[in-house]
Structure formats: C-alpha cells, structure tokens
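Asker: Have a look at this one.
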Amino acid sequence: MKSSYLALVALALASVLTPNVSRAEVSTIRLAKQYGLAYLPLTIMQEEQLLEKEAAKSGQTVKTEWLQFSAGSGMNEALLSGNLDLASGGVGPMLTIWSRTLKNYKIRGISAMASLPLYLVTVNPNVKSIADFGSADKIAMPTVKTSIQAITLQMAVEKQFGKGQATKLDPLTVSLSHPDAQVAMLGGKAGITSHFGSSPFQEMELKDPRAHRVLDSYEVLDGPHTFSVVWATDKFVSENPKIVAAFYAALKESISLINSDPKAAASLWIKGDRLKLSEEDAEAIIKNPENKWTTEPQKLLVFLNGMHAAGLINDTTSNWKDLFFTYVHDTKGS
C-alpha cells in the first residue's frame, strides 16, 4: 500500500515538474494580405485551402482567418498587438519591423513570394523623369517613408540628385491604397498626379492614353528584386512549428501552380480578388517575363543598406539569412 502511494506521489510530482513538450499549436491562424499581383500565392492558398490541407498531413486541424490591409505598416501594428499571426507585404515594412524588434519580438521573414517590377506612373505630361516633379504633383503609394515604393523612390532620387538627397521628393508623397490611388490619379481627384503602385494596377493605368511610366524599380536596383514577403514574430514561429511548416509547404505549392499553370492561377486570382480583368489579361500579367515566382529572397540587403543609409532603420547586417527564419536558408538568397 505504502509503495503504491509513493508511486502516485512520484507520478504527480513528475507531471508538475516535467515541462510540457507537446504543447498544442493554434487552431486558428490569422493571415493578412494586401492588394495586387504580389499576393497571388496567398490568394491561391486561400481559394484552394492549401494551408488547411498541408496542416492535415501533420495531424493538425487549423482554420484560417484572412484579413485585408492596404499597407504593411498596419500589419506590423496588428502583429505587435497580438491581433495577427502572419503578415505580408513589401520588403520595406518587413525590414523596418525587423530592425525595431531585434531585442524583443524578433520579427523575421518566413519567405519571399515574388520578384516583380514596380512602376511609377503619372498622368502629368510634363513629367518625363523624377527630375521633372514639381510642388503641384502628388505621388500616391501604400505608405510614405517605409513602403517598398517609398524606399525605391528614395534610392532613385539619391541617384538623380546626389548623396544626402534621398528624401527630396518625400513631401510630394501621400499614403493611399492601390485601388484608391488608381481611382484618384485617373479621375483627377485629391491632386494625385502619379501612383507608385504594383501589378495589376500599373498595367491597368498604362492603358489610359494620358498615363506613362516614369520609373521602373528594376532599373533602380539594376535587376530583379523581391517585392513581397511574409513575416512573423519569433514567438509565433517557435510555438507553432508544424503550422508554420505547413504554411511554407502550402506557399511553395501555390507558387508551383503559378509557374506550371498560369491560366488556372489567373482564374483563381480573378475569383479571389474580384478583379475586373479578363482571364487573358490576367494570365498575360502573371506570365510577364520580368515576374519571378519564388520563395528565394533577392536583393534584400540592397534595400536594407539603403534604408540604413537614409536613417530609416538603426540596424543592418551583411548576412541576408539574419533577416529570415530557417525556411529559406537553403536558397541562394541575397
């Protein structure tokens, strides 16, 4: 009897003292995306329920809650407040929050999604280059100062006007979502004469005879660069390894579908984002030879160094892997 009692006591103590190594992962994952072609992998993931299917392979039952944001800055606020699990956006907002949280939340990228060119489009016939912008012009972009469009413009301005002049055109920039910016520019509203946007908005705008391209981000960075990335807090990734692994597997599956069957991807894109595009136009945009659908980060360090030089972030690194969790460390990256 005594030995049985001692055994029960030992078992009880073990249950208290032994850490719970099989902690349950989240049952609902909150993901956010923005407007445009750069988020096509996430749109396909949502429409085909790829994350749910991948999670089921490892015995996880998970529900997805998809949120729509107009810029990465809002996602960062949601991440920090605990109201979002996975954010997605341009490299600017990701690098900003990476630098600000190195000593606490330790936010890093999970994966790149696409390398796409960004066009600065204007309806002002007098603006042939960025040197022609005047005080009456207003340039719309997702978020002033920190969006990938803002960073790219600053890099271009410094090339044009010289070192220390990166913010010369910042007073002309205003924050607007891509759909609102397109409507404002083409409709002559709110003084918006230009839009530094992304696909498909830039292609749709250039169909207007009044519009023309002023700047191409690939020209500014001397080649293809990552546009869209996904990022999260260290806490979420470390506490939900199976779910995050399932997300990354689903992302790769989605990108594989885009590369192998752009027609099917176009159909899912039109349906998921309720686009006013024909399937032919949507497929042509997806198949643009300049577009690269890949999890491999490209030229992240170029953006990072540019932001650091401009005083937008306090930290930098010479190793791109410091910016990401391990999921993409086996890619070439840059």
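The values are calculated or read from the model by the stated rules, or taken from the named source; none is laboratory data. All values derive from a computational prediction rather than experimental measurement. Glycine gets a Cβ as well: all are built from the backbone with ideal geometry, and neighbour counts include every protein chain shown. Ligands, DNA and RNA are excluded from the accessible area calculation, which covers all protein heavy atoms including side chains. Shrake-Rupley method; radii C 1.70, N 1.55, O 1.52, S 1.80 Å.
Asker: Anything in segment 56-76 that is more than 20 Å from L95 (Cβ to Cβ) and either over 15 Å from the mean Cα position of the chain (by Cα) or buried (at least 20 other Cβ atoms within 10 Å of the Cβ) (or both)? List them, or say none. Break it down stepwise before answering.
Answerer: We begin by selecting, within segment 56-76, every residue more than 20 Å from L95 (Cβ to Cβ); these are 56-68.
Those that are more than 20 Å from L95 (Cβ to Cβ) and either over 15 Å from the mean Cα position of the chain (by Cα) or buried (at least 20 other Cβ atoms within 10 Å of the Cβ) (or both): A56, K57, S58, G59, Q60, T61, V62, K63, T64, E65.
Asker: What about K53, is it basic (K, R), in contact (Cβ under 8 Å) with a residue 12 or more places away in the chain and either outside any loop (DSSP other than H, G, I, E, B) or crowded, with 24+ Cβ neighbours inside 10 Å (or both)? So that I can check it myself, show each step before the final result.
Answerer: On the way: basic (K, R): yes; in contact (Cβ under 8 Å) with a residue 12 or more places away in the chain: yes; either outside any loop (DSSP other than H, G, I, E, B) or crowded, with 24+ Cβ neighbours inside 10 Å (or both): yes.
So K53 passes the test.
Asker: Continuing with the same structure: Looking for something in a loop (DSSP other than H, G, I, E, B), under 29 Å from I29 (Cα atoms) and of a type in the set (S, T, N, Q) - is there at least one such residue anywhere in segment 316-331?
Answerer: Looking only at segment 316-331, we keep the residues that are in a loop (DSSP other than H, G, I, E, B), and these are 316-319, 325, 329-331.
Applying the additional criterion that residues be under 29 Å from I29 (Cα atoms) yields 325, 329-331.
From what's left, of a type in the set (S, T, N, Q): 331.
Yes, that holds for at least one residue.
Asker: Would you confirm, using the coordinates I've provided, whether S199 is in contact with a Leu (Cβ under 9 Å, 6 or more places away or on another chain) and among the polar types (S, T, N, Q)? Lay out the reasoning, then the answer.
Answerer: Values: in contact with a Leu (Cβ under 9 Å, 6 or more places away or on another chain): yes; among the polar types (S, T, N, Q): yes.
Criteria met by S199.
Asker: Could you list, in sequence order, the residues of segment 167-197 that are in a loop (DSSP other than H, G, I, E, B), farther than 20 Å from F227 by Cβ and of a type in the set (A, V, I, L, M)? Steps first, please.
Answerer: Here is the first cut: in segment 167-197, the residues in a loop (DSSP other than H, G, I, E, B) are 167-169, 176-177, 188-193, 197.
Filter once more, so that each one left must be farther than 20 Å from F227 by Cβ: 167-169, 188-193.
Result: L169, A190, I192.
Asker: Assuming T233 fulfils every condition listed in (1) modelled with pLDDT of 95 or more; (2) within 19 Å of N124 (Cβ to Cβ) apart from one, which condition is it?
Answerer: In the conditions (1) modelled with pLDDT of 95 or more; (2) within 19 Å of N124 (Cβ to Cβ), T233 misses (2) alone.
Asker: List every residue pair whose Cβ atoms sit under 8 Å apart, with the two residues 6 or more apart in sequence or on different chains, where the first one lies in segment 242-259 and is in contact (Cβ under 8 Å) with a residue 60 or more places away in the chain and the second, anywhere, is of a type in the set (D, E, K, R) and not in a helix (DSSP H, G or I).
Answerer: K242/E25; I243/E25
Asker: Now, a different point. Restricting to segment 219-235, give me the number of residues that are of a type outside the set (K, R) and open to solvent by 20 Å² or more (accessible area, probe 1.4 Å). Reasoning before the result, please.
Answerer: From segment 219-235, those of a type outside the set (K, R) are 219-234; that's our starting set.
Adding the requirement that they be open to solvent by 20 Å² or more (accessible area, probe 1.4 Å) leaves 219, 222, 224, 234.
Within segment 219-235, residues that are of a type outside the set (K, R) and open to solvent by 20 Å² or more (accessible area, probe 1.4 Å) number 4.
Asker: Taking interchain pairs and intrachain pairs at least six residues apart, which have beta carbon atoms under 9 angstrom, with the first residue in segment 206-222 and over 11 Å from V123 (Cα atoms) and the second hydrophobic (A, V, I, L, M, F, W, C) and open to solvent by 50 Å² or more (accessible area, probe 1.4 Å)?
Answerer: L221/V302; D222/V302
Asker: So, in segment 275-334, of the ones that are without any contact (Cβ under 8 Å) to a residue 40 or more places away in the chain, open to solvent by less than 50 Å² (accessible area, probe 1.4 Å) and among the hydrophobic types (A, V, I, L, M, F, W, C), which residue ends up farthest from K103 (Cα to Cα)?
Answerer: Out of the qualifying residues, it is L301.
Asker: Further question: Among (1) part of a strand (DSSP E or B); (2) closer than 15 Å to T143 by Cβ, which single condition is S70 missing?
Answerer: Just one mismatch for S70, condition (1).
Asker: Hey, another quick one. Might you check whether a residue that is in a loop (DSSP other than H, G, I, E, B) and without any contact (Cβ under 8 Å) to a residue 40 or more places away in the chain occurs anywhere in segment 147-157?
Answerer: Looking for residues that are in a loop (DSSP other than H, G, I, E, B) and without any contact (Cβ under 8 Å) to a residue 40 or more places away in the chain, one finds none in segment 147-157, hence no.
Asker: Looking only at segment 184-233, count how many residues are under 23 Å from the mean Cα position of the chain (by Cα) and over 26 Å from T43 (Cβ atoms).
Answerer: Looking only at that region, the number is 6.
Asker: Now for a separate question. Can you find a residue in segment 201-215 that is touching a His at 6+ places or on another chain (Cβ under 7 Å) and more than 21 Å from L323 (Cβ to Cβ)?
Answerer: Looking only at segment 201-215, we keep the residues that are touching a His at 6+ places or on another chain (Cβ under 7 Å), and these are 201, 205.
Subset that is more than 21 Å from L323 (Cβ to Cβ): 201, 205.
So far as segment 201-215 goes, yes, one or more of its residues are touching a His at 6+ places or on another chain (Cβ under 7 Å) and more than 21 Å from L323 (Cβ to Cβ).
Asker: Out of the residues in segment 191-201 that are modelled with pLDDT of 95 or more and touching a Phe, Trp or Tyr at 6+ places or on another chain (Cβ under 8 Å), which is surrounded by the most Cβ atoms within 10 Å (Cβ to Cβ)? Can you show your working first?
Answerer: Filtering segment 191-201 down to residues modelled with pLDDT of 95 or more leaves 192-196.
Then drop every residue that is not touching a Phe, Trp or Tyr at 6+ places or on another chain (Cβ under 8 Å), which leaves 194-196.
Details: S194: 26, H195: 29, F196: 27.
Restricting to residues being modelled with pLDDT of 95 or more and touching a Phe, Trp or Tyr at 6+ places or on another chain (Cβ under 8 Å), the top hit is H195.
Asker: Please go through segment 267-309 and pick out each residue that is of a type in the set (G, A, S) and within 15 Å of Y35 (Cα to Cα). Spell out how you get there, then give the answer.
Answerer: First pass over segment 267-309, keeping only residues of a type in the set (G, A, S): 267, 272, 278, 282, 284, 306, 309.
Within segment 267-309, G272, A282 meet the criteria.
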